[in-house]
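A quick write-up on the structure given underneath.
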Amino acid sequence: GALDINGKPVYAGTYIVTVTGKGAYVGSFTKEFVINKAAQTDVPVGLIANPISCRDGSGTIAGVTIAMEYRKVGDADYTKCTSSKITGLAAGEYQIRYAENENYLASDDVTVTIAISHNFGALIEETPATCIDDGMKAHYYCSDCRKFFDAGKNETTETALHIPASS
């Protein structure tokens, strides 16, 4: 541990204290004691996740500090934040927390999601099949990545949206 200018402990750590008698008091004893790290009660707030375009790029999380660290959900190790923004992130969920330091244990995690953004227009209404012509279920189409999405915006295929003619 470390001592301040008056010789008092200022950080978590192990300290050794010797008490020595003065005047009519004689003798001394030495005792070791430990100041444990405190629990970190703060959690990161004000984090802003910026999505990834379906065409290219990577996601970012803004609002972090160098006192924080992050990892993708499922990864074992955390990476230390080095600025106010984490860049180069793939789509997925990330856990962010205050890192352990000389006085505090690591904080609880906050989960942030980096989503993929698509360029959807309006919902394309269902085209019913007739006895002659095929139809198509209601869907969205992303003009950037040229993929189809069902009415719930879940990726699907053109084949899955196809309604055969009822001949």
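The values are calculated or read from the model by the stated rules, or taken from the named source; none is laboratory data. Note that the coordinates shown come from a computational prediction; the quantities given were computed from them, not determined experimentally. Here the Cβ is made from the backbone with ideal geometry for all residues, glycine too, and neighbour counts use every protein chain on show. Quick note on the areas: whole protein, heavy atoms, side chains included, nothing else; ligands and nucleic acids left out. Shrake-Rupley method; radii C 1.70, N 1.55, O 1.52, S 1.80 Å.
For Pro164, the criteria (1) open to solvent by 70 Å² or more (accessible area, probe 1.4 Å); (2) under 22 Å from Ala49 (Cα atoms) hold in every case but one, which is (2).
Ser53 - would you say it is of a type in the set (Ser, Thr, Tyr), open to solvent by less than 70 Å² (accessible area, probe 1.4 Å) and either closer than 30 Å to Ser143 by Cα or more than 13 Å from the chain's Cα centre (by Cα) (or both)?
On the way: of a type in the set (Ser, Thr, Tyr): yes; open to solvent by less than 70 Å² (accessible area, probe 1.4 Å): yes; either closer than 30 Å to Ser143 by Cα or more than 13 Å from the chain's Cα centre (by Cα) (or both): yes.
For Ser53, the condition - of a type in the set (Ser, Thr, Tyr), open to solvent by less than 70 Å² (accessible area, probe 1.4 Å) and either closer than 30 Å to Ser143 by Cα or more than 13 Å from the chain's Cα centre (by Cα) (or both) - is met.
Scanning the range 65-78 for residues that are under 11 Å from the mean Cα position of the chain (by Cα) and either surrounded by fewer than 13 Cβ atoms within 10 Å (Cβ to Cβ) or assigned to a strand (DSSP E or B) (or both) gives Met68, Glu69, Tyr70, Arg71, Lys72, Val73.
When you look at Asp144, is it open to solvent by 80 Å² or more (accessible area, probe 1.4 Å) and in contact with a His (Cβ under 8 Å, 6 or more places away or on another chain), yes or no? Can you show your working first?
Details: open to solvent by 80 Å² or more (accessible area, probe 1.4 Å): no; in contact with a His (Cβ under 8 Å, 6 or more places away or on another chain): yes.
No.
Between a residue in the range 14-25 that is more than 24 Å from Asn103 (Cα to Cα) and any residue that is open to solvent by 90 Å² or more (accessible area, probe 1.4 Å) and outside any loop (DSSP other than H, G, I, E, B), which pairs come within a Cβ distance under 7 Å, given they are 6 or more apart or on different chains? So the pair list comes out as Val19/Phe29.
Looking only at the range 1-27, count every residue that is at negative phi, surrounded by fewer than 10 Cβ atoms within 10 Å (Cβ to Cβ) and either modelled with pLDDT under 85 or in a strand (DSSP E or B) (or both) and tell me the total. Of the residues in that region, 6 qualify.
Considering only the range 84-105, I want to know if a residue exists there that is assigned to a loop (DSSP other than H, G, I, E, B), within 30 Å of Asp144 (Cβ to Cβ) and open to solvent by 70 Å² or more (accessible area, probe 1.4 Å). Please lay out each step first, then the result.
Of all residues in the range 84-105, those assigned to a loop (DSSP other than H, G, I, E, B) come to 84, 90-91, 99-103, 105.
Cutting the leftovers down to within 30 Å of Asp144 (Cβ to Cβ) gives us 84, 90-91.
Within this subset, residues satisfying the condition of being open to solvent by 70 Å² or more (accessible area, probe 1.4 Å) are 84.
Checked the range 84-105: at least one residue is assigned to a loop (DSSP other than H, G, I, E, B), within 30 Å of Asp144 (Cβ to Cβ) and open to solvent by 70 Å² or more (accessible area, probe 1.4 Å).
Any residue at all in the range 50-59 that is over 19 Å from Asp108 (Cα atoms) and basic (Lys, Arg)? Explain how you work it out, then say what you get.
Here is the first cut: in the range 50-59, the ones over 19 Å from Asp108 (Cα atoms) are 50-59.
In the following step, the residues that additionally are basic (Lys, Arg) were identified as 55.
Yes, some residue in the range 50-59 is over 19 Å from Asp108 (Cα atoms) and basic (Lys, Arg).
What number of residues within the range 151-161 satisfy the criterion of being part of a strand (DSSP E or B) and modelled with pLDDT of 95 or more? Before the answer, list the steps.
Within the range 151-161, the subset part of a strand (DSSP E or B) is 155-156.
From what is left, the residues that are modelled with pLDDT of 95 or more are 156.
Counting residues in the range 151-161 that are part of a strand (DSSP E or B) and modelled with pLDDT of 95 or more gives 1.
Among the residues of the range 120-142, those identified as in a loop (DSSP other than H, G, I, E, B), at pLDDT 90 or above and within 27 Å of Asn50 (Cβ to Cβ) are Ala122, Leu123. The set of residues in the range 39-63 being over 15 Å from Ser117 (Cβ atoms) and part of a loop (DSSP other than H, G, I, E, B) consists of Ala39, Gln40, Thr41, Asp42, Val43, Pro44, Val45, Gly46, Leu47, Gly63.
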